[in-house]
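Some notes on the structure that comes next.
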Amino acid sequence: MSGVNIPASMKELQNLKQEETTLVNMSSKISDQLNRLKVEELALQNMVRLQNEELERKSRGSQRSINRSLPMEESEKGDNSEKVVPVDLFVNMIYGHKEEEEEEEEEEEEEDDEMQGVTNEDIDAFVDGLG
């Protein structure tokens, strides 16, 4: 009886080793993908930061040009009527930022959907390899 169990145990051990190898490979691929996503995230954050800084510089430049033009306009009027206050230009920056966030969320959802499909295919291939 023990002679019959030895080949079955050897076959089971071989299957477990093959399963372990497959799991290690999948873990490595997932770790690589995670690292690539982290690098991509940092690059995107840097791009967003640079765009925000550029918008702030443009906004400050516009604000300064509006402020410079105000004294000339008041002196041309020749009276001391109401002082004109420049319009806050951050509205477009905030609105544009919200649109960017919505686009990023949509892209993340699409990437999650794609990642889910890859993961399911890997799992299916793994399960087929066990059989």
What is the gain in length, in nm to one decimal, between Gln63 and Gln33 on full extension, counting 0.36 nm per residue of separation less the C-alpha to C-alpha distance?
6.4 nm
Taking a probe of 1.4 angstrom, what is the accessible area of Ser59 in Å², to the nearest 10?
20 Å²
Per the charge dipole of the range 1-64 (beta-carbon charges, Lys/Arg positive, Asp/Glu negative, Cα centre), the residue among Leu37, Gln63, Ser9 reaching farthest to the positive end is Gln63
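The values are calculated or read from the model by the stated rules, or taken from the named source; none is laboratory data. Source: prediction; values computed, not measured. Backbone-built Cβ (ideal geometry, glycine too); neighbour counts: all protein chains shown. Keep in mind that these areas ignore ligands, DNA and RNA; they rest on the heavy atoms of the full protein, side chains included. Shrake-Rupley method; radii C 1.70, N 1.55, O 1.52, S 1.80 Å.
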